[in-house]
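What follows is a short report on a single structure.
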Amino acid sequence: MDQRSIFINQVRQQFDQLFQAKKAGQNVLALKHRAEGFFYAGELLGLVDKALLQQLMEQSYLEVFGVALSKASSYQTERKQALENEFYQYFEEPAFNRVPN
């Protein structure tokens, strides 16, 4: 294995570890900062670029949470807007129905 392949495998492991901890409700701040530094180092060394990191992050998120990262973001945005606009009917529907599949 070349250095790039080894680095990409480590990136996947870091994303998986971060998202598994988040799913378990743990504080992920230290893991997040460690991963960000690692990813930045990879960019500086020319081993990865932002597009590849984004793709790997989306794959890992989908594997861990079972929903695409973009759909999770839109759900959170909808929820926040409902709260801000006092649209409480949004919350009358059970949460398992509101979460996109």
Ascending count of other beta-carbon atoms within 10 Å, so fewest first, for Glu63, Glu84: Glu84, Glu63
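Can you compute the charge dipole magnitude of region 1-66 about its Cα centre, using +1 on each Lys and Arg Cβ and -1 on each Asp and Glu Cβ, nothing else charged? Give it in debye, rounded to the nearest 20. Spell out each step's value before the answer.
On the way: 7 positive and 7 negative charges, 44 e Å.
Rounded to the nearest 20 debye, it is 220 debye.
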Cα→Cβ-extended label distance, 7 Å offset, between Lys50 and Lys32, nm: 1.8
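Take the Cβ-Cβ distance between Glu43 and Lys80 as r, set R0 to 25 Å, and report the resulting FRET efficiency rounded to the nearest 0.05.
Numbers: r = 31 Å, r/R0 = 1.22.
My answer for the efficiency is 0.25.
Since every read-out is calculated from the coordinates, none of them should be taken as a lab result. The shown structure was predicted, so the numbers you read here are calculated from the model rather than taken from an experiment. Positions of Cβ are generated from backbone atoms using ideal geometry, with glycine treated the same way; all protein chains shown enter the neighbour counts.
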